[in-house]
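Enquirer: Quick one: this structure, given as structure tokens, is what I'll be asking you about.
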Amino acid sequence: MDSGNLPSELLNAAIVTLPKLGKPPTSCQNFRPISLINVDLKIYTKILANRLALTITSLIGMDQVGFIPGRQGPDNTRRLLNLIQVLTSSSKPGLILSLDAEKAFDRVHWGFMSEVMAKFSIPPEFVKGVFSVYASPSATVRFAGFHSRAFPITNGTRQGCPLSPLLYALVLEPLAQMIRQSDDVRGIEVGPQTHKLNLFADDVLLTLTSPKTSLEALTNILHEYGTFSYHKINFSKTQALPVNIPDDVLTTLKQEFSFDWRTKFLTYLGIKLALSPQVLFDINYGKLLIEIKTLLRSWQPRRLSWFGRIAALKMTILPKILYVFRALPIFIPRAFFSTLQGVVNAFLWNYRRPRIKFPVLSRRIEGGGLGVPDFAKYSRAVHVAAMIVCLGYASRPQWAVMEAITLTPHDLMVLLWVPPPNRPRGVFTSLFATTTLSLRIWDSMFLKISGTGPVSRAAPLRMFQYILPHFNAQCWATKGVFNLCQLTDKCGVLEFASVQSKFHLQDSYFLSYCQLQSYLRTQGFTAFYSIHKPPLTLIESLGVSQLLPKGLISIGLNAIMKDRELPLWRYHSAWEKDLKRSIEPELWAAVFRRDVGVSRNATLLETSRKVLYRWYWTPDKTSKFVSSSSSVCWRCSSQTGTYMHIWWQCPLCPPHYC
């Protein structure tokens, strides 16, 4: 590896051909080649990829979200929804253009890639390590169990290589820079920013104004870039969606540019982007519902256990729906959730009558449920996660920066904590529809997010500028006091003497302190903490620490599903009656927590949950609605077959539990 020459066997790949769906296997074009590289080579390139990932965020523009750490495809689709709203709400002509790159990864010129890496000042030793993978690669085609003769590979990134997506992002960045820096390629202006590009690896979507001028300049840039990089655009498959373009101008553009001109929508990252919110909902969520119905019906003949059906929903259906929720954060009618949940629940019970209430099953396992997806709550969790991103983090995605700009001179990070009645009037009329919806859901969930009423301990002191007259948060910030939690302890709000000593305040801060203390008393804040100060919730902690962890949707979902008290269901009271004792909610919670991970055997876990939910029909229960059925235990034939008798008290049971 130091010499840059790896064994030829290590660089050889096996190409397996898979037939394309719905196409006859009579032509080579109807097969999809999948390249399988050496596992040792994958380990080596994964090490290189991990090292490159540490710095690639500083090399690649924020509009490239494909395979870049901390960035995701839904970041671009939410931004696109906002840009579409800007275009449709104005009379300015615009164009949404989705470029189709022909064999994008396979056409990368190695010499061009080397020059790009040098331009980015990547250390020569690292470049040498990367190009050891491209020293003399070869491939064989595997078909019907036989391998063809090896043939050399002379261009393109290695398929299946962990390093390839990052290398392609580097190679494409010069094109992105040329488009960003071109004054003739005109994008959509939102505040001081101009938005032109939305990139996910080789999926390039442009949002343009002044279509004729922009397209001419863009064509020249693509030609110049392709000359050096081998990059080629398939113009006949490039989709174009015009917005507010006069008919005569549109006719001229269609004659000059041979794009796939669309009238209603175009597809980007699996999402159909339309100009109308209603059309956007129908062609995405309506289609999704039909796909799920068809898929679940196709699974009906399969003999799946109850737990198997739940696992299928979690692993297959939930990711499909969750991606659309994240990529299209638009208003969803309640009827959609009712229909979707009904379809899923019908599959869960094998199209028979439900045996257990859905609110029980949808609870977390630690709460006595089975974590069956509640899609309405997942949808709200997506919006809560979006608002968490807006809490002032340094590396916010472009959609968050864009949505914050619309509130200038106000700060969305601060307004999230301000009680709705105290927010400035009229400031939200200019918000994007996505921001308005997310903010409304954030407000509806705020009591669960904060856990302490309308005023959160994580609230920045700047919030009180909207509540208290002449309150100066800046003077507190100069002393290192930024959040309300810094002024509280287990007894409530700290006395001024303690605050003064802790932060070295002058006496002039006393009036401002009294304003805070007086307002918090009116909110019951001090009285609430006089007995017990609850810790910050996880979302509050994120707001204070300015950290952005993974799993934001799970964090939002846990907050939404959080209960102040564990609800008691019918099976709780039934067990208490049989055991002749009262079981406190804390004990139930402890039982559920201990049940997590107790076994890896799905059959045992399913049986234990069915026993807990009192799923099984005992002779005593059956005799009450089947007149011909006996209530006597079928095992010992001497006592009434109650639930406790069948599972525990029957004299013939002990041998089974030994």
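Enquirer: Can you give the FRET efficiency for Val249 and Thr429, using 1/(1 + (r/R0)^6), R0 = 45 Å, r = Cβ-Cβ distance, to the nearest 0.05? Mind dumping the intermediate values first?
Expert: On the way: r = 32 Å, r/R0 = 0.71.
The computed FRET efficiency comes out at 0.90.
Enquirer: Multiply the residue gap between Lys232 and Phe496 by 0.36 nm, knock off their C-alpha separation, and tell me the result in nm, one decimal place.
Expert: 88.2 nm
Enquirer: Report the Cα centroid-to-centroid distance between the stretch 165-204 and the stretch 207-250 in angstrom, as an integer.
Expert: About 13 Å separates the Cα centre of the stretch 165-204 from the one of the stretch 207-250.
Enquirer: Report the residues of the stretch 378-420 in range of a label on Ala477: point 7 Å along Cα→C-beta, backbone N strictly under 14 Å from it.
Expert: So the set is 392-393, 409-415.
Enquirer: Check Thr17: other-chain or 5+ apart residues with amide H under 5 Å from its amide H, H built from backbone geometry?
Expert: Sorted by chain and number, the residues that satisfy this are Ile34, Arg142.
Enquirer: With θ taken as phi - 60° and the coefficients 6.51, -1.76 and 1.60, list the Karplus ³J(HN,Hα) couplings across the stretch 35-47 in order, rounded to whole Hz; mark glycine and proline as x.
Expert: Computed from phi, the couplings for the stretch 35-47 are 9, 10, 9, 4, 5, 4, 5, 5, 5, 4, 5, 5, 4 Hz.
Enquirer: Can you give me the long-range amide H partners of Tyr613? Hydrogens built in the peptide plane at 1.01 Å from N, cutoff under 5 Å, separation of 5 or more residues or another chain.
Expert: none
Enquirer: Here's a follow-up. About its Cα centre, what dipole magnitude does the chain give when the only charges are +1 on Lys and Arg Cβ and -1 on Asp and Glu Cβ, stated in debye to the nearest 20? Each step should come with its number before you reach the end.
Expert: Numbers: 73 positive and 42 negative charges, 577 e Å.
In debye, rounded to 20, the chain gives about 2780.
Enquirer: Let me ask another. If you take every DSSP beta bridge fully contained in the chain, what fraction is antiparallel? Give it as a percent rounded to 5.
Expert: Numbers: 37 of 45 bridges.
Rounded to the nearest five, the antiparallel share is 80 percent.
Enquirer: Could you give the length gained by full extension between Tyr393 and Ser276, i.e. 0.36 nm per residue of separation minus their alpha carbon distance, to one decimal place?
Expert: Working: separation 117, 0.36 × 117 = 42.12 nm, distance 3.18 nm.
Difference between extended and current length: 38.9 nm.
Enquirer: Sticking with this one: Could you state the number of Å between the C-alpha centres of the stretch 598-658 and the stretch 545-577?
Expert: 30
Enquirer: Between Asn12 and residues 5 or more places away or on another chain, which pairs have amide H atoms under 5 Å apart, with H built 1.01 Å from N, and which residues are they?
Expert: Long-range HN contacts for Asn12: Ser138.
Enquirer: Which whole-Hz ³J(HN,Hα) couplings does the stretch 539-548 yield from phi under the Karplus relation 6.51 cos²θ - 1.76 cosθ + 1.60, θ = phi - 60°, glycine and proline marked x?
Expert: Taking θ as phi minus 60°, the curve returns 5, 4, 4, 5, x, 7, 7, 6, 9, 10 Hz for the stretch 539-548.
Enquirer: For Gln300 paired with Trp634, estimate the spin-label separation in nm (one decimal), with each label point 7 Å from Cα along the Cα-to-Cβ line.
Expert: My value for the distance between the label points is 2.9 nm.
Enquirer: In bins 20 Å wide, starting from 0, what share of all Cα pairs of the chain does each bin hold, as a percent?
Expert: It works out to 14, 38, 34, 13, 1, in whole percents.
Enquirer: Over the stretch 453-536, what number does the Rg to Rh ratio reach, with both radii from the alpha-carbon atoms and Rh per Kirkwood? Spell out each step's value before the answer.
Expert: Numbers: Rg = 11.9 Å, Rh = 12.9 Å.
Answer for the stretch 453-536: 0.92.
Enquirer: A follow-up question, please. Label Val598 and Leu579 with points 7 Å out from Cα along Cα→Cβ: what is the distance between them in nm?
Expert: Spacing of the two 7 Å Cα→Cβ label points: 1.1 nm.
Here, each number is a calculation from the coordinates, and none is a lab measurement. Bear in mind that the values here come from a model prediction, so they are computed numbers and not experimental data. A quick note on method: Cβ atoms are made from the backbone with ideal geometry, for glycine too, and the neighbour counts reach across all protein chains shown.
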